[in-house]
Amino acid sequence: MKKTIASCMIMIICNVSLFAQDVKTEVKKISDQYKAVGVAYVVVKNGKIIEQNAVGQSSIENNTPLDVNQNIFRIASISKSFTATALMQLVEKKKISLDDDFGDLIGFPVRNPKFPNTKITLRMVLSHTSSINDANGYFELDVINPSKNPDWQKSYNAYEPGADYQYCNLNFNIAGAVLEKLTNIRFDTYIRQQILNPLSLYGGYCIDSLDNTRFASLYSYDNKNDKFVLQPLAYNPRSEEIRNYKLAESTPIFSPTGGMKISAVDLAKYMIMHMNYGKSGKVKILGKKFSKQMQTKISDKEGYGLALLETTKLIPGQHLVGHTGSAYGLYSSMFFNPKEKYGIVVITNGCVPTYKDGHVALTSDVINMLYEKLIK
């Protein structure tokens with residue numbers, strides 16, 4: 001009897017291993033189709049990680065393989081959801097309101113000059129409905145401060161705040177500055193203390209606080225010469241600026257809009273927290289009501305809520321919530337179904353970027369394949 005049970009267990013383990021290898025082979029095929037440098041992927045089902053792996057390289061120059069656990073990536077705009085989560089914690093604690101005047105929060109007037117009597121709220125900033133744009137750039141807060149920039153008016157669109165949607169990185173860099181102003185804690189430190197540490201995740205916004213041997217190199221694709229170009233600025237530590245840091249002024253140094261560095265596995269664990277409406281196991285990061293607010297679309301134009309968006313285009317017929325990221329040649333996707341408790345994270349550190357229904361074809365194809373094989 002014991003031998004029979006042991007034999008069955010061995011068969012199950014072998015079958016699972018073979019199936020995982022089959023999935024990896026399929027990911028490699030898609031990866032090769034788009035000439036990807038590397039692809040890391042994690043699948044969550046019934047609220048738990050059921051598959052995690054990677055194909056390709058973390059560094060072309062060193063010919064090192066990509067590791068789904070070990071390597072960390074600058075995940076680009078998925079970072080926005082960390083900023084919004086932190087601010088929603090303060091909303092939950094009633095220290096601020098989503099309907100507060102953003103100018104009052106940041107400490108200088110934030111008003112569209114064409115609509116000076118319309119209040120721009122925190123809700124508008126976190127949902128890209130603020131009418132603020134990136135025309136003046138987004139690496140300095142001064143670009144939108146009337147007392148610091150004579151061209152501040154260019155940072156606003158022609159429509160009334162709240163009336164339309166335009167994706168804007170400046171929204172989240174100024175939101176990060178508000179977090180510092182409200183807490184008197186440096187942005188990267190607050191995210192680590194209030195989100196990463198409670199969830200036991202390794203990552204962060206400050207390059208110097210992380211093990212740089214774990215960074216997956218990022219590569220942009222040079223279409224003209226058909227080659228990948230290393231992008232070292234993706235992990236620029238900006239150490240001198242940090243030494244001279246001023247709270248609520250120097251915040252864009254950490255890029256609340258796109259500067260989180262984290263592994264695919266730890267990003268999936270973070271995703272599980274949002275999938276469970278603010279909780280992971282016994283750890284509560286955010287109340288259910290406030291987590292749901294983040295996931296509920298405000299703009300029909302793009303299905304965007306508060307740093308998380310709704311989509312039915314990624315996997316046909318499936319209602320998903322999440323975000324994408326793209327910077328320095330990296331493309332990242334984190335999408336989940338909070339009702340059915342599944343989700344998928346896919347990150348590539350470089351590929352030929354073609355698009356399908358607004359999504360990068362590589363990440364879209366991998367997500368759909370993983371859904372068919374492991375979820376459906």
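The values are calculated or read from the model by the stated rules, or taken from the named source; none is laboratory data. Quick caveat: nothing in here was measured; it's all calculated off a predicted structure. With ideal geometry, Cβ positions are generated from the backbone for all residues, glycine too; neighbour counts draw on all protein chains shown.
Go through the range 295-324 and report how many residues are free of Cβ contacts under 8 Å to residues at least 40 places away in the same chain and either assigned to a strand (DSSP E or B) or on the phi > 0 side of the Ramachandran plot (or both). Full working, then the answer.
The initial filter retains those residues of the range 295-324 that are free of Cβ contacts under 8 Å to residues at least 40 places away in the same chain, namely 296-297, 300, 303, 309-312, 316-317, 319-320.
Those still in the list that are either assigned to a strand (DSSP E or B) or on the phi > 0 side of the Ramachandran plot (or both) too: 303, 309-311, 317, 320.
Counting residues in the range 295-324 that are free of Cβ contacts under 8 Å to residues at least 40 places away in the same chain and either assigned to a strand (DSSP E or B) or on the phi > 0 side of the Ramachandran plot (or both) gives 6.
Among the conditions (1) at pLDDT 95 or above; (2) over 22 Å from the mean Cα position of the chain (by Cα), Gln57 misses just one, which is (2). Counting only residues that are surrounded by fewer than 21 Cβ atoms within 10 Å (Cβ to Cβ) and part of a loop (DSSP other than H, G, I, E, B), the range 249-272 holds 2 of them. Within the range 305-317, none of the residues are in contact with a helix residue (DSSP H, G or I) (Cβ under 7 Å, 6 or more places away or on another chain), crowded, with 21+ Cβ neighbours inside 10 Å and among the β-branched types (Val, Ile, Thr).
Could you list, in sequence order, all residues of the range 63-101 that are of a type in the set (A, V, I, L, M, F, W, C) and farther than 16 Å from Gly176 by Cβ?
Pass one, the range 63-101, residues of a type in the set (A, V, I, L, M, F, W, C): 66, 68, 72-73, 75-76, 78, 82, 84, 86-88, 90-91, 96, 98.
Within the range 63-101, Leu66, Val68, Ile72, Phe73, Leu98 qualify.
Cβ-Cβ contacts under 6 Å between residues 6 or more apart (or on different chains), taken from a first residue in the range 83-110 that is acidic (Asp, Glu) to a second residue that is crowded, with 24+ Cβ neighbours inside 10 Å, are listed as Asp100/Leu122.
Of the residues making up the range 188-236, just one is buried (at least 20 other Cβ atoms within 10 Å of the Cβ), in a helix (DSSP H, G or I) and small (Gly, Ala, Ser), namely Ala234. Do we find a residue being in contact with a Lys or Arg (Cβ under 6 Å, 6 or more places away or on another chain), within 30 Å of Ser263 (Cβ to Cβ) and either modelled with pLDDT of 95 or more or buried (at least 22 other Cβ atoms within 10 Å of the Cβ) (or both) anywhere in the range 156-177? Yes, the range 156-177 contains a residue that is in contact with a Lys or Arg (Cβ under 6 Å, 6 or more places away or on another chain), within 30 Å of Ser263 (Cβ to Cβ) and either modelled with pLDDT of 95 or more or buried (at least 22 other Cβ atoms within 10 Å of the Cβ) (or both). Quickly run through the range 29-66 and pick out the residues that are over 23 Å from Phe336 (Cβ atoms) and of a type in the set (D, E, K, R). Within the range 29-66, Lys29, Asp32, Lys35, Glu61 qualify. Looking across the range 84-99, the residues that are under 18 Å from the mean Cα position of the chain (by Cα) and not polar (S, T, N, Q) come down to Ala84, Ala86, Leu87, Met88. From the list Ile344, Ile367, the one residue that fits, being touching a strand residue (DSSP E or B) at 6+ places or on another chain (Cβ under 8 Å), in a strand (DSSP E or B), modelled with pLDDT of 95 or more and closer than 29 Å to Ser217 by Cα, is Ile344.
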